[in-house]
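The values are calculated or read from the model by the stated rules, or taken from the named source; none is laboratory data. Source: prediction; values computed, not measured. Cβ placement follows ideal geometry from the backbone for every residue including glycine, while neighbour counts extend to all protein chains displayed. Ligands, DNA and RNA are stripped out before the accessible areas are found, and what is left, the full protein with its side chains, is counted by its heavy atoms. Shrake-Rupley method; radii C 1.70, N 1.55, O 1.52, S 1.80 Å.
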Amino acid sequence: MVDIAHQAAVNPASAKDATAALVPLTAIDPGQWRALAQRAIEPNGYYLPAWELAVSATARGRIGTSALSVCGGSSTRLIGLMPVVSLWHALKIPLPALVSAHPYGTLCSPLIDRDASVEAATRLLRRAREAGAHALILRDVALDGAAMVSLKQALGRDRLTPRVLSSYIRASLDATQGGDSLLHEALGAKKLKELRRQRHRLAEHGAISFDVARKVDEIKPALETFLQLEASGWKGQRGTALIQDAGDATFIRRAVPALAETAQCEIVTLRAGATPVAAGIVLRHQDRAFFFKLGIDERFAKHSPGVQLTLDLTRHLCADPVIASADSTASADHPMINPIWRGRFAIGDVLIPLRRNDPVVALIHAALVARGLARETARRAIHLLRK
């Protein structure tokens, strides 16, 4: 059972049936995928076709994604899509489970049609069973999001209960408020005064400008500026900047212009004169924005260029009538974004059993817990070594 995508399903016990239940992402009709994204009950910019197809094609450690996909009733309309990999592919655990494919960007909530949400969720679970999976592991999903609510309703019909494996609270932005009033409430007059002082000092290097690149011909050079800024900082020192891996660089250079063609991506850049001091990539899906990554020129670190860019981005998103909220897609207790974006929501990993009283699910759960403990021990050791 090393890889259930290429092994016989447990029920039915046919390798042909198991393989048919999973299809390559490239087999999904792009038009159907885009239409489903427009009707999705919960936005997820990282599962838009232009982004996820680029990730799966070349991104470091993320290639080879398959999909659970379902249509409604007897129609050919796509109503549910969940990019997945096997548990072995994701975590090197040889047990029969499927794991949500992790895009660049920490959100894996599946695309579920808002007009047939419970039907779509039910059919996705059935499709996972047909693939031979005993469980689904959804990583980094909004625990109270509409997609998870639909899956819970579908599970309830079979008297199945999902189990939260881990969770944390993530920062978000309520973009329906006025930008300046929101920032004043979040940071207070004293902190804003200090940030204005830093901005004035930054302006000694040239007039401050905040630029938003949206069109393809604008966004390509803006992306190269971002990539250079990201690689110039601590990510470059650790070797994790996008441009430092050929597959990652190919993915981002493919995905960003493709999303710009449908007005679903923009790059924001803060400059002092002609010098870019900070830049960020922002995805857009329905009424939600997703703050993907930030790069700064650390020569200007004492002027807080990342914070200055985020203040301008906050005002920009709050002034946009299309955007109602923004997901920071940041880690828990992020020191930069948390004080500025004061909205909060729960994100976590969820284990979904696919059959009642299944002893294999207990094995899967135990293996995940053991792996989590081992990773936490290793993480603490690395943290101590870096200190």
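Laid out as a table, the results:
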| item | result |
| --- | --- |
| Modelled FRET efficiency - R0 41 Å, V23 with R214, Cβ distances, 0.05 increments | 0.80 |
| Radius, Kirkwood style, for the stretch 192-265 when every pair of distinct Cα atoms is counted (Å) | 14.3 |
| Highest-MSF residue in the chain out of F251, F210, F291 [GNM, Cα springs under 10 Å] | F210 |
| Two-site FRET efficiency, R371 against R34, from Cβ-Cβ distance with R₀ of 56 Å, rounded to 0.05 | 0.95 |
| Where labels lie 7 Å past Cα in the beta-carbon direction, separation of R159 and Q228 in nm | 6.5 |
| Normalised per residue, the volume of the convex hull around the Cα set of the stretch 257-387 (Å³) | 186 |
| Hits among lysines - C-alpha to C-alpha of K92 under 29 Å, sequence gap 8 or more where chains match | K16, K152, K235, K293 |
| Fraction of accessible area attributable to carbon and sulfur, the chain (%, probe 1.4 Å) | 54 |
| Per residue convex hull volume, Cα atoms of the chain, in Å³ | 140 |
| Cβ-Cβ FRET estimate between A263 and N357, R0 fixed at 56 Å, reported to 0.05 | 0.70 |
| Whole-Hz couplings from phi, Karplus 6.51/-1.76/1.60, listed for the stretch 88-103; x for Gly and Pro | 5, 4, 7, 10, 6, 10, x, 10, x, 9, 10, 10, 4, 5, 8, x |
| Alpha carbon centroid spacing (whole Å) that separates the stretch 263-325 from the stretch 64-128 | 31 |
| Lys, Arg +1 and Asp, Glu -1 on Cβ, resulting dipole of the stretch 273-328 about Cα centre, debye, nearest 20 | 80 |
| Point-charge dipole on Cβ atoms (K/R +1, D/E -1) for the chain, about Cα centre, debye to 20 | 940 |
